[in-house]
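A short worksheet on the structure shown next.
The values are calculated or read from the model by the stated rules, or taken from the named source; none is laboratory data. Quick caveat: nothing in here was measured; it's all calculated off a predicted structure. Cβ coordinates were reconstructed from backbone atoms using ideal geometry, including for glycine residues, and neighbour counts include every protein chain displayed.
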Amino acid sequence: MAGSGNDMRTPLARVLHLGSAKSGTQDHIRQRLTAVAIAPLSIFFLVLLVALTGADYETARAWLGNPLVGILALCLVVAAIVHMRIGMQIVIEDYVIAPGAKHLSIIANTFFSYGVGLACLYAVLKLAFGS
Amino acid sequence: MAEQRQAVSRPLSPHLQIYRFTITMAMSIIHRATGMGLYAGTALVAWWLIALAAGPEAYATFQMVAGSWIGQLVLFGFTWALLHHLFGGLRYLLWDAIIATSPRSADIISWGATIAALVLTVAVWFAALSMRGVL
């Protein structure tokens, strides 16, 4: 084990008993998983936008009240907010160096992403079930 | 053994302006820019959905802003950013699968993604303006 030629850890990591937290690839995989989901859903989104261009209030409500449209919208919102939170965090980590500013930016990013996402979900659910 | 630290002028790696322009390089930058644009754009999507859920008056306000020339400009930019980020992103999924990784193939799919995004943006707006009876 320790001292074997296959150990890739640094001597310091070995002494501190610090290994991988085993979640290092989580964001990477999640970013690609959500991308695969968003690709077809964004086509649905564009079709919806075109269909509702210039439509009056009642027509737009009727479209969003349709169960299939509502469910696809929920899927898109969930996938999109996860994707955009990770994407913006990567940009922040690349360019914002100072620890305080970096962590505040990452917190703001999380708040914005989930805030906007939950607002969208609330609206879609209200259109589906509410009066 | 304490070594004397001295200021040496080490060679620096060249920055952006030194490199020859390549489409993959431009796409990398545009992918980030469009991603950040779409990030901000989600606030508009939220506004649209909330206005629709809130009632006819709120929706009329949204439609007025979205229908103004600046609103249309933002929506046009949003459409292009979405399609460019979509096609640019599909390239990354291909590369993840170790497809089209040679420099030549990478250039080809990058130009393809750029052109596809532009063509589809125009097509989407042509369809939308036809719907509204403008065209």
- Query: From B:Arg91, B:Arg104, which residue is surrounded by fewer than 17 Cβ atoms within 10 Å (Cβ to Cβ) and basic (Lys, Arg)?
  - Reply: B:Arg104
- Given (1) within 14 Å of chain A (Cβ to nearest Cβ); (2) surrounded by 13 or more Cβ atoms within 10 Å (Cβ to Cβ), index of the condition B:Met25 fails: (1)
- Query: Got at least one residue in the stretch B:49-56 being at the interface with chain A (Cβ under 10 Å from one of its Cβ atoms), of a type outside the set (A, V, I, L, M, F, W, C) and buried (at least 19 other Cβ atoms within 10 Å of the Cβ)?
  - Reply: no
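Give the residue, chosen from B:Trp48, B:Trp95, B:Trp80, B:Trp69, that is over 29 Å from A:Cys120 (Cα atoms) and aromatic (Phe, Trp, Tyr).
On the way: B:Trp48 fails: over 29 Å from A:Cys120 (Cα atoms); B:Trp80 fails: over 29 Å from A:Cys120 (Cα atoms); B:Trp69 fails: over 29 Å from A:Cys120 (Cα atoms).
Checking each option against the conditions leaves just B:Trp95.
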- Query: If only one of A:Thr34, A:Thr53 is under 21 Å from B:Gly41 (Cβ atoms), modelled with pLDDT under 90 and within 12 Å of chain B (Cβ to nearest Cβ), which one is it?
  - Reply: A:Thr53
- How many residues does the stretch A:75-109 hold that are more than 11 Å from every other protein chain (Cβ to nearest Cβ), in a helix (DSSP H, G or I) and farther than 22 Å from A:Leu41 by Cβ? 11
- Name the pairs whose Cβ atoms lie under 8 Å apart, with the first residue in the stretch B:9-37 and at negative phi and touching a residue at least 12 places away in the same chain (Cβ under 8 Å), the second surrounded by 13 or more Cβ atoms within 10 Å (Cβ to Cβ) and basic (Lys, Arg), and 6 or more positions between them or separate chains? B:Met27/B:Arg91
- Note on the structure: With criteria (1) under 30 Å from A:Phe112 (Cβ atoms); (2) surrounded by fewer than 18 Cβ atoms within 10 Å (Cβ to Cβ), B:Thr79 comes up short on (2)
